[in-house]
Every structure is written in structure tokens, then in C-alpha cells.
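Notes to accompany the following structure.
Derivation of every value follows stated rules applied to the coordinates shown; laboratory data play no part. Bear in mind the structure is a predicted one, so any value in this text is a computation, not a measurement. FYI the Cβ positions are ideal-geometry reconstructions off the backbone, even for glycines, and counts take in every protein chain you see.
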Ligand SMILES: CC(C)(COP(=O)(O)OP(=O)(O)OC[C@H]1O[C@@H](n2cnc3c(N)ncnc32)[C@H](O)[C@@H]1OP(=O)(O)O)[C@@H](O)C(=O)NCCC(=O)NCCS
């Protein structure tokens, strides 16, 4: 097993993208903020983009962005999109980052449940620490939340097992690493499209205007046929690592 970064091995980018692509619902790839910012994230922050190789193949990957954050709940970005914006705009304005925000981790399905995500997170946290960043946070996308799309993140985050850990497997991975839940990220990703686009991303039909449960979505998706718009505002969960 070997850990490399995008900076070390840019040619592995495509292989890593395949690992990521297969693990997420289609609609997450249609958020406009990453479309505008990811090119610069890849250029500026390649050292926080790590891949785990097994026999030379990419089996897991994850990335984060360095951003300025004063350590208070009030100063947290509203979520994923705004963390991206803060990191890139901050870098271009010469603002010193204080924190690393983990942004995404994906493990090839053949390597699930072997602690590979933890390997990725530990490596990113180690890099943040050696670069002098004082906080490590993440706007998590809890992996079971899509099963409870009518429940608010604040309520879901409080559901725990008898051992005190979250009922959610992905929150548990972070808790086992010593992370604590901070607060919901209320407007983490916003994904808008026409009704036809949403029908194709969700592989559903939306015959009337209303809110729908969509597979893989953590919240309901609002479809407005009169305006030909579908809007999804995804709520995530801020956690802070030690
Ligand atoms: C979430 C993810 C990164 C976890 O990776 P991993 O290396 O398997 O993580 P871990 O080995 O630490 O397992 C974490 C927990 O998830 C559970 N889990 C992992 N894969 C699972 C699967 N396919 N089905 C059910 N549970 C699974 C593990 O059993 C463990 O739960 P436990 O507390 O009961 O032991 C991986 O499943 C993934 O890539 N998912 C799709 C992308 C995603 O949702 N990323 C997170 C949001 S950014």
C-alpha cells in the first residue's frame, strides 16, 4: 500500500476520478460552485489531494482545502460550496489559512470496510499539522442520511447507539478518530436544474410540482414544473477533528 498526492502523480487523476464517480449519485456532479472552482483547487491545493495505491492501482482517495477559520461556530462556512469558495478566494487574496477542511473521501467498493477512509483522513490531517494549520474540520455527507430524507440534520446527528457513537457509519469513522460534531452545515451544496435535467439525474419522473424523495439525496428535492426548475439544497454536518 502506498500513499501519493496529485502533486506527485498527476497522471493518476483519471483513475481516481473513476473511483469517486462510481460512489456518488449523479446529481452531486451538477453543483455549479465546484464547476467554477475545482480547476483552481486542483492547481493550488494538490498536496491535500491524496490517493492510496494498492499494487499500483488507485483504491481510495480524498482531498481537502486550507482555509481561514477563527475556530468559532459563527465563522464556519455554510457548507461545502462556501468552504471551496473561501479556500480559493482566500488564497488569491493572500489570506493565511488556519484550517484544513476535508472535502471528500471515496474508497473503491472492492476495498470497503477496511479502514481505508481512515488512512486517507489521517494522511490529510498529518499534512495539515505539518503545515502549521491548527484546525481540521469537515462538512460531512453522512452515508446513511439518505435513508432519512425527512429528518433534519440536527436531529439525525443526535441519534446514537448504546455505545454512544452515531448510528451513521461515516460519522462513526470520524468519531473513532476523535472528531466531535459541531453543527449542521445548512446550505452545503445547492444543485439546480431544469425538470428534464433532474429527471435524468435522478432517473425518475416528476409529474407534478412538489417535494420528492430522490435516491441518494439527503433532503427532499423541490420540483417546480411551472418555472421548469428543480432545486436541491443539501444539508451536511460540520465535525471537528482533534
Ligand atoms: C464512506 C466511505 C469513504 C467509507 O470508507 P471505508 O474505508 O469503508 O470506511 P471504514 O472502513 O472506516 O468504515 C466505516 C463504517 O462504514 C461501514 N461501511 C463501509 N462500507 C460499507 C458498505 N458498503 N455497506 C455498509 N457499511 C459500510 C463500515 O462497516 C464501518 O462501520 P462500523 O462503524 O460499523 O465499523 C466509503 O464507503 C465510500 O467511499 N462511500 C461513498 C462515498 C462517500 O459517501 N464518501 C463520504 C462522504 S464525503
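Using C-alpha pairs under 8 Å with a sequence gap of at least 6, the mean separation divided by the residue count of segment 71-146 gives a relative contact order of 36 percent. Using the average count of surrounding beta-carbon atoms within 10 Å as a protection proxy, the listed peptides 63-69, 177-183, 206-212 rank, highest first, as 63-69, 177-183, 206-212.
Remark: the residue 26-residue 231 segment gains 72.3 nm on full extension, using 0.36 nm per residue and subtracting the alpha carbon distance. What is the order of 86, 127, 225, 242, fewest Cβ neighbours within 10 Å to most? Lowest count first: 242, 225, 127, 86. Using just its DSSP H runs of length 4 or more, each adding -39500 (n - 2.57), the chain gives a mean residue ellipticity at 222 nm of -9000 deg cm²/dmol after division by all residues.
Determine, for each peptide in 128-134, 144-150, the mean count of other beta carbons within 10 angstrom over its residues, then list the peptides with the highest first. Kindly include the intermediate steps, with their values, before the conclusion.
On the way: 128-134: 13.7, 144-150: 15.3.
Ranked from most to least packed, the peptides come out as 144-150, 128-134.
Given the Cα-Cα distance of residue 4 and residue 38 and 0.36 nm per residue of separation, how much length would full extension add, in nm? Present the calculation step by step, with values, prior to reporting the outcome.
On the way: separation 34, 0.36 × 34 = 12.24 nm, distance 1.95 nm.
Taking residue 4 through residue 38 to full extension adds about 10.3 nm, to one decimal.
Here the relative contact order of the chain, from alpha carbon pairs under 8 Å that lie six or more residues apart, stands at 21 percent.
Were the residues from residue 222 through residue 111 laid out at 0.36 nm apart, the gain over their Cα-Cα distance would be 36.5 nm.
Could you work out how far the C-alpha centroid of segment 1-53 sits from that of segment 124-180, in angstrom? After rounding, the separation between the Cα centres reads 21 Å.
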